[in-house]
1. Taking the DSSP beta bridges in the chain as the whole, what percent of them are antiparallel, to the nearest 5?
2. Among the DSSP beta bridges whose two residues both lie in region 164-264, what percent are antiparallel, rounded to the nearest 5?
3. May I ask for the distance between the Cα centers of region 58-77 and region 255-301, given as a whole number of Å?
4. Search the structure for amide H atoms under 5 Å from the amide H of Ser125, placed 1.01 Å from N in the peptide plane, and list their residues when 5 or more places away or on another chain.
5. Run the numbers for Ser297 and Glu14: contour at 0.36 nm per residue of separation, minus the present Cα-Cα distance, in nm.
6. Estimate the FRET efficiency between Gln276 and Ala56 by the formula 1/(1 + (r/R0)^6), using the beta-carbon distance for r and 51 Å for R0, to the nearest 0.05.
7. What is the Cα centroid distance between region 177-200 and region 121-154, reported in whole angstrom?
8. Please give the FRET efficiency for Ala24 paired with Arg67, using the beta carbon to beta carbon distance and R0 = 22 Å, rounded to the nearest 0.05.
Amino acid sequence: MTLVQLRHFVVLAELGTFVQASKALFLTQPALTRSIQGLEDELGSRLFDRLGRRIALTPFGHEVLQRARRLVADAEALKQTGRGLHAGLIGTLRIGLSSGPGALLSTRLMLYMAEHHPRLQLQISRGNTAVLIDALRDQRLDAAVVDVRSVLPSADLQIAQTFELEAGFLVRPDHPLVQRGRPVVIEDILAYSVASMPLSDEVARLLIDRYGPSANPDDMVTLRNDETLNMVEVARRSHAIVLTPKATAEGLVALDMSPALDATARFGLVTLARRQEAPALRILREQLPHWIAEFRSVSCA
């Protein structure tokens with residue numbers, strides 16, 4: 001068994017056909033077939049069921065795929081480290097960003113890489129926290145910045161560089177609830193569309209404790225979206241109210257709630273424990289504290 005065979009297996013499993021996989025691997029189909037058959041012979045069991053021109057993983061193949069991905073990813077990281085990577089200045093960095101972090105970090109991260117590390121390949125994946133954590137576990141991401149309140153404790157995950165940002169009910173400056181000049185109660189909020197990214201159980205409990213059962217996000221939130229910037233844009237162009245960290249909503253103002261919301265969003269950098277980190281991840285680790293300071297200054301403005 002070789003790493004080359006395992007890489008062939010992973011690519012074939014992801015693409016689903018020998019035709020596409022052989023093209024992606026720059027191999028002839030007979031060569032790819034021999035590689036997979038040799039791997040199956042050594043493992044003593046079939047990895048794929050052949051379904052005409054398509055293939056499907058066997059139960060054994062599903063089990064092998066998880067381990068093969070880890071071995072191939074670790075080998076690639078080792079190869080990059082062996083080449084030196086110029087202290088992380090070249091190579092690939094795959095980062096997952098959930099809704100809030102995506103709004104805050106996507107542009108900053110791309111700009112920084114374009115200006116300071118133009119030869120480094122940056123791949124940003126967006127999605128909800130659960131989807132990104134699954135991708136991290138499958139070795140398709142090097143790290144993810146997500147809502148850590150939505151991450152279940154697990155020995156295989158490592159959470160670092162957590163930070164909290166003040167959140168609120170945000171609206172355009174000329175919103176009727178701002179213009180009337182008195183504190184807003186939850187009944188006022190419910191007269192309008194309310195937009196929010198998926199909220200953790202902890203935040204949902206806080207809302208209900210503070211404002212009563214009518215603040216249950218399942219009932220209160222009428223516009224749900226994993227893209228914070230989309231919801232902020234809706235609030236800019238309508239009387240909708242968006243529940244989000246203040247730092248993500250440039251141009252919007254926080255409603256003066258009674259009682260005060262006093263809530264924060266809590267984000268953090270999640271990596272796989274016991275996995276060798278991509279060398280370029282240090283760039284994000286170094287820049288994140290500076291960007292967090294910027295976010296907090298916006299929240300306090």
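1. Numbers: 23 of 39 bridges.
Around 60 percent antiparallel, to the nearest 5.
2. Working: 8 of 14 bridges.
Rounded to the nearest five, the antiparallel share is 55 percent.
3. 31 Å
4. Ile95, Gly96, Leu97
5. Working: separation 283, 0.36 × 283 = 101.88 nm, distance 4.36 nm.
Answer, rounded to one decimal: 97.5 nm.
6. Numbers: r = 32 Å, r/R0 = 0.62.
E between Gln276 and Ala56, to the nearest 0.05, is 0.95.
7. Spelled out, the Cα-based centre of one part sits 31 Å from the other.
8. Details: r = 21 Å, r/R0 = 0.96.
FRET efficiency, Ala24 to Arg67: 0.55.
Each reported figure results from applying straightforward, stated rules to the coordinates on display, with no laboratory input. Treat the numbers as computed from the prediction; the structure is a model and nothing was measured. A quick note on method: Cβ atoms are made from the backbone with ideal geometry, for glycine too, and the neighbour counts reach across all protein chains shown.
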